[in-house]
Amino acid sequence: MTVYNDILSAKAESKKLLAILIDPDKFDIDLTSQFIDNVHKSIATHIFVGGSEVQVEVTQHLVFKLKSLTDLPIVLFPGDVTQISKDADAILFLSLISGRNPKYLIEKQIEAVSYLKPTNLEVIPTGYILIENGKETAVQKVTKTQPISNVLHQLVADTAKAGELLGKKLIYLEAGSGALHPVPLAMITAVKQDLTIPLIVGGGIRSKKQLVDAYNAGADLVVIGTAFEEDQDFFNQIKKTKIG
Ligand code: 1GP
């Protein structure tokens with residue numbers, strides 16, 4: 001349980017974590033080495049790999065390449081069972097607890113078991129909560145579930161707590177990739193108040209200020225994907241010397 005224990009230790013020491021999300025479908029694998037050089041110069045602590053509509057075997061190929069280039073933990077954030085790669089370090093074993101679609105609450109997880117058996121992946125049970133962000137996102141389309149309104153802070157806090165009580169080890173508040181509005185800061189704080197497990201926040205975070213605000217509101221780990229896909233210069237904003 002190395003990846004999870006490291007997240008717990010960071011939380012205990014109030015050390016904030018940053019995951020860079022690579023969506024294999026939108027990523028040019030030929031630029032991996034250059035991308036990883038930038039990652040190493042930044043404050044990123046984790047690499048997440050996953051997407052909503054990734055083709056079979058694309059993830060395997062990418063994870064294998066990443067593994068050869070970095071010692072940062074590579075964590076699968078899968079949109080589907082076909083994105084399970086044995087070469088990663090861990091997998092967020094997601095259950096979409098904001099939705100009411102049995103397929104993403106339990107059926108996909110059952111299907112995943114036979115894919116996980118032959119691997120040594122560290123499996124991290126994660127309660128995944130989709131929050132309304134101003135536009136429809138890929139997760140919403142693929143899972144055919146409604147996000148929770150971004151004004152219903154208590155409902156989201158109770159949903160997160162229910163996840164913890166069910167045994168989830170992480171809660172992930174997701175505004176969705178490319179979200180117009182990130183998860184509201186007051187909502188992050190409301191969720192954090194009752195939660196004892198680490199809190200991940202992602203979706204629509206595109207500036208250093210938004211990153212720092214999410215940390216100050218209570219996020220233990222922030223996930224950023226689109227900002228790097230659209231502008232490699234974003235790495236300059238989060239260079240090691242610039243924060244923390
Ligand atoms: C999406 O939370 C992640 O699942 C990251 O979102 O691509 O908007 O940074 P962005």
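The values are calculated or read from the model by the stated rules, or taken from the named source; none is laboratory data. Everything numeric in this text was worked out from a predicted model, so none of it was measured. All Cβ positions, even for glycine, are placed from backbone atoms using ideal geometry, and neighbour counts span all protein chains on display. Keep in mind that these areas ignore ligands, DNA and RNA; they rest on the heavy atoms of the full protein, side chains included. Shrake-Rupley method; radii C 1.70, N 1.55, O 1.52, S 1.80 Å.
What net charge is computed for the residues neighbouring ASN133, neighbours being all others with C-beta under 13 Å from the C-beta of ASN133, Lys and Arg scored +1, Asp and Glu -1?
Summing Lys/Arg as +1 and Asp/Glu as -1 gives -1.
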Given a 1.4 Å probe, the accessible area of the chain per residue, as a whole number of Å², is 46
Neighbourhood net charge (14 Å Cβ-Cβ; Lys/Arg +1, Asp/Glu -1) for LYS108: -1
Electrostatic dipole magnitude of the stretch 36-130 [Cβ: Lys, Arg +1; Asp, Glu -1; Cα centre; debye, to 20]: 120
Less than 16 Å apart at the alpha-carbon level, and either on another chain or at least 8 residues along: which aspartates and glutamates does that give for LYS169? ASP6, GLU122, ASP158, ASP194, ASP220
Using 14 Å as the cut-off for backbone N distance, which residues of the stretch 198-215 belong to the label zone defined by a point 7 Å from the Cα of ALA12 along Cα→Cβ? 198
Net dipole in debye of the stretch 134-244 [+1 Lys, Arg Cβ; -1 Asp, Glu Cβ; about Cα centre; nearest 20]: 160
How large is ³J(HN,Hα) for each residue in the stretch 92-108, as worked out from phi by the Karplus curve 6.51 cos²θ - 1.76 cosθ + 1.60 (θ = phi - 60°), to whole Hz, x for Gly and Pro? 6, 8, 7, 10, 7, 7, 7, x, 10, 9, x, 4, 9, 8, 8, 5, 5
So what's the gap between the Cα centers of the stretch 171-242 and the stretch 51-118, to the nearest angstrom? 21
What trypsin sites (Lys or Arg not before Pro) does the stretch 1-99 have in DSSP loop regions with at most 16 other beta carbons within 10 Å? LYS15, LYS26, LYS86
Net charge (Lys, Arg +1; Asp, Glu -1) of residues whose beta-carbon lies under 13 Å from that of VAL201, VAL201 excluded, is -1
Sum -39500 (n - 2.57) across every DSSP H segment of at least 4 residues in the chain, then divide by the residue count to get the 222 nm mean residue ellipticity, nearest 500. -10500 deg cm²/dmol
Take the chain, connect every pair of alpha-carbon atoms lying under 10 Å apart with a spring to form a Gaussian network, then pick out the residue of LEU121, LEU221, LEU166 with the largest mean-square fluctuation. LEU166
In debye, nearest 20, what is the charge dipole magnitude of the stretch 153-201 about its Cα centre with +1 on Lys and Arg Cβ and -1 on Asp and Glu Cβ, if you could check? 100
With a 1.4 angstrom probe the carbon and sulfur portion of accessible area for the stretch 72-222, in percent, totals 57
Which residues make up the longest stretch of the chain clear of GluC sites (Glu not before Pro) that lie in a DSSP loop with no more than 14 other Cβ atoms within 10 Å, not counting the sites? 137-244
Do any of LYS141/LYS209; LYS16/LYS239; LYS26/LYS65; LYS103/LYS144; LYS135/LYS239 go past 20 Å between their Cα atoms, and which? LYS141/LYS209; LYS135/LYS239
